[in-house]
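First up is the structure itself, then whatever we jot down about it.
The values are calculated or read from the model by the stated rules, or taken from the named source; none is laboratory data. Worth saying up front: this structure is predicted, and the values here are computed from it rather than measured. Here Cβ is always computed from backbone atoms with ideal geometry, including for glycine, and neighbour counts include all displayed protein chains. Note: accessible area is taken over every heavy atom of the protein model, side chains too, but ligands, DNA and RNA are not part of it. Shrake-Rupley method; radii C 1.70, N 1.55, O 1.52, S 1.80 Å.
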Amino acid sequence: MMISSSSITQPFLLQSSLILSNPFHSSSSSSSSTLPFFHTQFNSRSFLSYKEKHDHHPLFLNSNQRCFSVKASVSDSLQNGRANSPSFKGSESFFRNVLEGMEAVYLNRNPTAKAILELVGSAGNDQICYDHLAFRTFGVDGHGIDSMAEIFQDFGYTKRDELRFPAKKLKAYWFSPPVVSSEKGSGVNGPLPRVFISELLVDQMSSEAQDIIRKYTEMSGQGNKYGALASTLGLLTWEKPLHSEFQQLARESEYAAWTLVNGYALNHVTISTHQLKSNLRSIDSLNQFIEDNGFKLNSEGGVLKVSPDGFLLQSSTVADSRPFKFADGVTKSVPCSYIEFAERLVLPQYKNLPEDQIKECHRRDGFEVGNADKIFESTSQEQLSRKAT
């Protein structure tokens, strides 16, 4: 399903013997029709009749199960107040340990991210919640989105909307997390984050770029099956490239060059600003705090990136760099990762809810092409050169 950057599927509320409250919110839809938001009284028979007539509508095709809650009698209440929600599969402690490994590599390589997490956490004695984790991949020889998505889907994540970035020759999907028993920790031990995985559409690149990329993905063999392991260990699944190959890719696609030397490493983590308790919970305040502490923010399209509907606000730092020794013995500085910030505003239909009753499901969900396109620039040479000044 293709993302439209401006539409937002409105929620449908059913009130009967079983009172359901569900934002059914998708960041966008391939359908141009949108059901109006309404409150009404239905019995179960009339609801099923209505659903049969409108089953093709994105309201029913893309219901956000993560946000589905149930208010009913004790006997009807299921899965800790969530009906039809995907539940976590497998060992939660194992999965979180995998995420901890990915996070450890990320923090070790990216001192800016580590410092900001510590600063923000100490500013209000806050627990940090991640909005999402992001990865980059090569869309060729089985090394694309699916190679990294598999572990998340195996543990209960749900594949959601597709996003396209024609100018950058990229596509992406995001994945919503399953329900877990406890979400009271911090970082990867807090509420499970969304996951955003992109891939380079390699067959749209020049023949020279394709040859370089295929050389290394073919060299990887079955390495695409171990993307999560590579991310956890901080290793490439292929051999180190030549510096000249990195330079050639960088001239055509910054994304391609980044992926060649970073592989499946975490591209960024994102702090969920509205889940902070301090005055930094406003993204404007957080941005000012970060700049006041000497960190550079990605200025592409302005520091603050705002979705067309105005309910998704994002910003990010400029990526760190690290020394990388290429196969020909040349050691050069290459872009590494960055940290992002996201504030998801409360949807209009929930604006009168008491603050202590507002949950993540009452806020804007999904992603936006326009925002993400500018966030990608955090690893660009133009932004890195700003950091050096």
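At-a-glance table
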| read-out | value |
| --- | --- |
| Any hit, region 79-95, residues being modelled with pLDDT under 50, open to solvent by 20 Å² or more (accessible area, probe 1.4 Å) and of a type in the set (Asp, Glu) | no |
| Neighbours by Cβ (under 7 Å, 6+ apart or cross-chain): first from region 96-108, farther than 13 Å from Arg322 by Cα; second open to solvent by 60 Å² or more (accessible area, probe 1.4 Å) | Arg96/Asn189 |
| Residue check, Ala257 under 20 Å from Asp320 (Cα atoms), part of a helix (DSSP H, G or I), small (Gly, Ala, Ser) and open to solvent by less than 80 Å² (accessible area, probe 1.4 Å) | yes |
| Qualifying residue in region 262-279 (condition: open to solvent by less than 50 Å² (accessible area, probe 1.4 Å), touching a residue at least 12 places away in the same chain (Cβ under 8 Å), closer than 16 Å to Glu343 by Cα and more than 21 Å from the chain's Cα centre (by Cα)) | yes |
| Ala327 vs. criteria outside any strand (DSSP E or B), buried (at least 22 other Cβ atoms within 10 Å of the Cβ) and either within 22 Å of the chain's Cα centre (by Cα) or touching a residue at least 60 places away in the same chain (Cβ under 8 Å) (or both) | no |
| Those residues of region 125-138 which are out of contact with any Pro (no Cβ under 9 Å at 6 or more places or on another chain) and open to solvent by less than 30 Å² (accessible area, probe 1.4 Å), in sequence order | Asp126, Ile128, Ala134, Phe135, Arg136, Thr137, Phe138 |
| Lone unmet requirement of (1) of a type in the set (Val, Ile, Thr); (2) more than 16 Å from Ser378 (Cβ to Cβ); (3) free of Cβ contacts under 8 Å to residues at least 60 places away in the same chain for Val306 | (3) |
| Residue selected from region 330-353 under the condition part of a helix (DSSP H, G or I) and either without any contact (Cβ under 8 Å) to a residue 60 or more places away in the chain or open to solvent by less than 20 Å² (accessible area, probe 1.4 Å) (or both), by the criterion nearest to Asp309 (Cα to Cα) | Pro348 |
| Single residue of region 96-114 satisfying the filter (of a type in the set (Lys, Arg) and under 23 Å from Pro335 (Cβ atoms)) that is surrounded by the fewest Cβ atoms within 10 Å (Cβ to Cβ) | Lys114 |
| Qualifying residue in region 122-140 (condition: among the charged types (D, E, K, R) and at pLDDT 95 or above) | yes |
| Hits in region 354-388 (condition: under 20 Å from Arg281 (Cα atoms), out of contact with any Ser or Thr (no Cβ under 8 Å at 6 or more places or on another chain), open to solvent by less than 50 Å² (accessible area, probe 1.4 Å) and not in a helix (DSSP H, G or I)) | Ile358, Arg363 |
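Condition check ((1) touching a His at 6+ places or on another chain (Cβ under 7 Å); (2) at pLDDT 95 or above; (3) part of a loop (DSSP other than H, G, I, E, B)) across all residues:
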position: Leu266; (1), (2), (3): no, yes, yes
position: Lys277; (1), (2), (3): no, no, yes
position: Leu286; (1), (2), (3): no, yes, no
position: Gly302; (1), (2), (3): no, yes, yes
